[in-house]
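Quick notes on the structure that follows.
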Amino acid sequence: MTTTWVPVPEGSPFPIQNLPYGVFTPAAGGPARVGVAIGEHVLDLAAALGDDTFARPTLNAFLAQGRSRWTEVRAEMTRLLTDADARAAVEPHLHPLAEVALGMPFEVADYVDFYASEHHAANIGRMFRPGSDPLTPQWKHLPIGYHGRAGTVVPSGTPVVRPSGQKRSADGGLPGFGPSARLDIEAEVGFVVGTPSQLGKPVSVDDFREHVFGVCLVNDWSARDIQAWEYVPLGPFLAKSFATSVSPWIVPLDALEAARVPAPERTHELRPYLREQEDWGLDLILEVRINGHLVSKPPFASMYWTAAQQLAHMTVNGASLRTGDFYASGTVYGPEPEQRGSFMELTWGGENPLKLPDGSTRTFLEDGDEITITATASGAEGTVIGFGAVTGRIAPAVEA
Ligand code: CA
């Protein structure tokens, strides 16, 4: 069992087997820089490694260096944090997590959101398109997605201002307008691209590991009333582009080897470009809390499409990848009622309100509500690793 000289409390999400990357500002001030979480500390990488790639307020320069450098840095960090002889030199560069400010870990290039849970897609189909097939005809043939708004991907803790917009009129007359009354979440898992690809050349499903650096948690805030009126025929637009929150830590793929599982059984033959040689299903269990109260534990392993298939599909037309490209899985959702990753589904379109411990009920989010999404997965050597948290509190609408 690999052990570190850094004190790591039992049950910490950040044992030596994890080592996720983030961007932090020290308590004493100074420029934001890249750090790695270990136990209750963050290690200042630029100072510990003497490498100014990390003396920047974003991971992008490191992401661009590619797979072999990612592996090398992880090995070197592991050595520094386990070798007692390195302690005296490295220890001064540890900062207590409780005292630093965490920021946006990377600069988002393009942002894509997928729709990979069969249970979620079928439920949304039943609610948004009653009377027709819950799954659209292409759903089992390709990972459905849309291009989102990269500029409004925000770090955990950023307040989420309730969006205003048009809504369907009850009587077919002039559409309504005003603050969303059906503001919701989507608990998702995000994938961060490091190595770019060439324009015109698709990325193979088997090259996932060469391009994707790591994984974080995502809350794809969604205004269901705005969505229901605007989304036909071109898909989500203003119902989702107002904010997408991400967790502050990027867990490298290298830390998730023990979490890899086969994707669910395929019911349709796939085109060759979507056939994986390796298993890239990931066994993460998410937890969704509203105002501290646990309401759902969506299982990521149940997702029909894997992140490797999504990457291959996203580039099969020759679209190129850039460092900092980011894509989210789609709402994570299991077959059981307590595994649903949105309030739309937890309350079945608002018909069955959730009861909270303070006696109140919720269908959709109220001003002041705080949503927190966390997750765990198996790490190396029988450990459990965590992802940190993505949190956001709803702020009142601003008058349009
Ligand atoms: Ca989504």
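No value in this document is a laboratory result; all are computed from the given coordinates. Just so you know, these numbers come straight off a predicted model, no measurement behind them. We place every Cβ from the backbone using ideal geometry, glycine too, and count neighbours over all the protein chains shown.
Just a few scattered comments:
- With contacts taken as Cα pairs under 8 Å at a separation of at least 6 residues, segment 1-106 carries a relative contact order of 34 percent.
- For segment 180-265, radius of gyration divided by Kirkwood radius, i.e. Rg to Rh on alpha-carbons: 1.06
- Working note: Cα gyration tensor of segment 306-361, eigenvalues times five, square-rooted, sorted largest first, giving semi-axes of 36, 12, 9 Å.
- Rounded to whole numbers, the Karplus 3J(HN,Hα) couplings from phi for segment 127-132 are 7, 8, 10, x, x, 10 Hz, using 6.51 cos²θ - 1.76 cosθ + 1.60 with θ = phi - 60°, and x at Gly and Pro.
- Volume of the Cα convex hull of the chain, divided per residue and given in Å³: 153
- Note, ³J(HN,Hα) from phi for segment 218-228, Karplus 6.51, -1.76, 1.60, rounded to Hz, x at Gly and Pro: 9, 10, 8, 4, 9, 9, 5, 6, 5, 4, 5
- Sequentially through segment 9-20, phi angles give Karplus couplings (6.51, -1.76, 1.60; θ = phi - 60°) of x, 3, x, 4, x, 10, x, 4, 6, 9, 6, x Hz, Gly and Pro residues having no value and appearing as x.
- Mean projection area, nm², convex hull over Cα of segment 11-159: 12.6
- With 28 Å as the limit on Cα-Cα distance, the pairs of Lys201/Lys297; Lys297/Lys355; Lys140/Lys167; Lys140/Lys297 that go past it are Lys201/Lys297; Lys140/Lys167.
- The dipole here belongs to segment 256-343: it is taken about the Cα centre, uses +1 on the Cβ of Lys and Arg and -1 on the Cβ of Asp and Glu, and is about 260 debye.
- The charge dipole of segment 29-144, taken about its Cα centre with unit charges on the Cβ of Lys, Arg, Asp and Glu (plus for the first two, minus for the last two), comes to roughly 480 debye.
- Cross-link partners of Lys240 among aspartates and glutamates (Cα-Cα below 13 Å; sequence separation of 8 or more within a chain): Asp113, Asp184, Glu186, Asp220, Asp225, Glu230
- The chain, relative contact order in percent, only Cα pairs under 8 angstrom and at least six apart counted: 21
- Rg/Rh for segment 256-400 stands at 1.03; both radii use Cα atoms, and Rh follows the Kirkwood definition.
- Ordering of 173-179, 284-290, 372-378 by packing [mean C-beta count within 10 Å, highest first]: 372-378, 284-290, 173-179
- Result for the chain in a Gaussian network model with C-alpha springs under 10 Å: among Arg126, Arg162, Arg33, the largest mean-square fluctuation is at Arg126.
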